[in-house]
1. In segment A:140-149, is there at least one residue being surrounded by 24 or more Cβ atoms within 10 Å (Cβ to Cβ), at the interface with chain B (Cβ under 10 Å from one of its Cβ atoms) and closer than 29 Å to B:LYS28 by Cβ?
2. Kindly indicate which of B:ALA132, B:ALA183, B:ALA193 is crowded, with 24+ Cβ neighbours inside 10 Å and more than 10 Å from chain A (Cβ to nearest Cβ).
3. Looking only at helices (runs of 4 or more DSSP H) that lie completely in segment A:26-136, which have at least 2 residues being of a type in the set (D, E, K, R)?
4. Which of the residues spanning segment B:60-86 are more than 27 Å from the chain's Cα centre (by Cα) and among the β-branched types (Val, Ile, Thr)?
5. Going through segment B:213-257 one residue at a time, which ones are closer than 30 Å to B:PHE302 by Cα, touching an Asp or Glu at 6+ places or on another chain (Cβ under 9 Å) and in contact (Cβ under 8 Å) with a residue 60 or more places away in the chain?
6. Given the options A:VAL185, A:VAL145, name the one that is in a helix (DSSP H, G or I) and within 19 Å of B:ALA267 (Cα to Cα).
7. Tell me yes or no: at least one residue of segment B:276-297 is more than 26 Å from A:LEU245 (Cα to Cα), in contact (Cβ under 8 Å) with a residue 60 or more places away in the chain and either away from chain A (no Cβ under 11 Å) or not in a loop (DSSP other than H, G, I, E, B) (or both).
8. Look through A:LEU130, A:LEU169, A:LEU135 and report the one residue that is within 14 Å of chain B (Cβ to nearest Cβ), modelled with pLDDT of 90 or more and farther than 24 Å from A:ARG299 by Cβ.
Amino acid sequence: MSNLAMAGKAAVEPSGPKPKGLTPARIGLYAFLIIAALFFLIPLWAMVITSMKSMTEFRAGNIFALPQQPTFEYWVKAWSTACTGRDCNGLAPGFFNSAKITLISVPISIVIAMVSGYALSFWKYPGSQLLFTILVFGAFVPFQVLVYPIIFGLSSVRLPWGGTLFGTLPGIVIVHTIFGMPILVLLFRNFFASLPVELFKAARVDGAGFWRIFLWIMLPMSVPITIVAVILQVTGIWNDFIFGLVFAGRENLPMTVQLNNIVRTSTGTVEYSTNMAATILTGAVPLIVYFVSGKWFVRGIAAGAVKG
Amino acid sequence: MTSVVAQQQGLSEGQLRAKAYRRKILGKLPSIIGTLPMIAVAIGVFVIGLGFTVVLSFTNSRLFPSSEFVGLLQYERLWSTPRWVQSVQNIWIYGAGLIGISLLLGYLLAVFIDQRVRGEDAFRTIFLYPFALSAVITGLVWQFMFDPIWGLQAAVRSWGFVDFEFAPLADGSTALYGMIIAAVWNGVGVTMAILLAGLRGIDEEIWKATRVDGIPTWRTYLQVVLPMMRGAVTTALVLLLVGAVRTFDIVIAMTGGGPGIATQVPATYVIDSINARNVGHGMAAATCMLLPILVMVLLIVFFRWRAQRRAEAA
């Protein structure tokens, strides 16, 4: 709990002693940090320059050699013509599937979690605490343990136009909503629980009910926490692999699954230029979210950390 | 008072209480309706779904659930399957390596960043960005780095160190370590962020006191501060443990479980069993995956309970 608050404002004063000029210890300190930074940056660097080298150039040099004639040819190929098994449509269909899944799942899961968190804070009913406890423990359960029961559940729902929910867009949205719920409900419950009760009581005295208080008082106040939840969900759902693989069905395979298929499909020499271009394209969305959102992203992680 | 009202309305006290209770529940009705999806997930997935997994593990279900109970047969088969035994062994090595290195490196990074360094934000951003990338991307990038013909090994050899060997994925005995490196790259930033938050939560007075006592900084970090941030360490540990048990994507992207079965893990075993239409068997494996989580949850509950009892006693 307290870690959430602390990590949220991790920018408070450093607690270490004040530096005294450039001592050998200081130099060692920076050396360590820079070496660590290189460890984190080298794969990204290698990935970017490889994606911009032609395969002839790639074979001639090593992975750190700069591209002599930088080209985006492989990015285009990865996006539109790289092959996965029989189809050669590149990553583009996967991108649009991921976008579709994310755009539908994020608002649904957040609205449900928001209302639940609000109810759990201000409208407790017999058993609500127990439900919350179950949900929090649910955050610990490895997904794979629940895969079959959910396959079974989804495929026993028959759709009026034939088929079942399993392997459809609504199916994968339901799955993302289910597995996003523990952490999101926790996030919103803790947020609403931190609001002054007087706010709620005053509205009650004025005769406002469950939905009215939610819409007029709670919703406008929960903008910051909602941003955290959106970042958490967008990156989480975009990066998901196993649910997309199992539940999305052939028509809706997300980008991560497409990416893995493209890389696995390569026959003969591995065409790393295309593979790395495809990898960058798939990572672009969460990376942009990360660099744009900055501190909010850290807050989302901290929120995830409250699980403990 | 109540009894007077009750007599006036010709109601017994019990009836009155029932009426009040009904009104109370009725007032909560919107709340119950609003939380219906949550109720469905908590009960339907995390209670019934989990129960379903456990029950199926005692049946001989193939593609569809079967009601033919076979006792512990699936578990006997499971533990006599070399691939499962290897998977369990792998996850212990992988988990121990990942958790140990992440905590160590995470704490080191947090302590070093805490030294009023220039460009703190830049360092933090660099250490954390891989976490924004999916495990699939992490796996693919490191698979590229570890490629014996094109990756790091080839690059270092081309610089003149012709005997340099670093291609862990090519060899079954080292492939797991390659996976650990990739997983640390992906997630150690989170451990660092949590531990750094813990460090910054330590009272400034503690620092002043240790400085007055002339305790060297490194000893303060190790022997004074670390025990004080038990909460942050526990949080980081729990996250790492849950993540390790779940490990799936990175295996698929990096090695596909190979070479041979050298990097198979329980999660891939469960999914493959379901795909192979051997659900009963897969559910036995899934139930086994729950055990470490169960132990962890019980430990958390126990320590919370003990802390609470101590707080009450004090």
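1. yes
2. B:ALA183
3. A:55-60, A:73-80
4. B:VAL70
5. Matches in segment B:213-257: B:TYR221 only.
6. The unique qualifying residue is A:VAL145.
7. No, there is no match, as no residue in segment B:276-297 is more than 26 Å from A:LEU245 (Cα to Cα), in contact (Cβ under 8 Å) with a residue 60 or more places away in the chain and either away from chain A (no Cβ under 11 Å) or not in a loop (DSSP other than H, G, I, E, B) (or both).
8. Going through A:LEU130, A:LEU169, A:LEU135 in turn, just one is within 14 Å of chain B (Cβ to nearest Cβ), modelled with pLDDT of 90 or more and farther than 24 Å from A:ARG299 by Cβ: A:LEU130.
The values are calculated or read from the model by the stated rules, or taken from the named source; none is laboratory data. Please read these numbers as outputs of a predicted model, since none were measured by experiment. Note: ideal-geometry Cβ built from the backbone for every residue, glycine included; neighbour counts use all protein chains shown.
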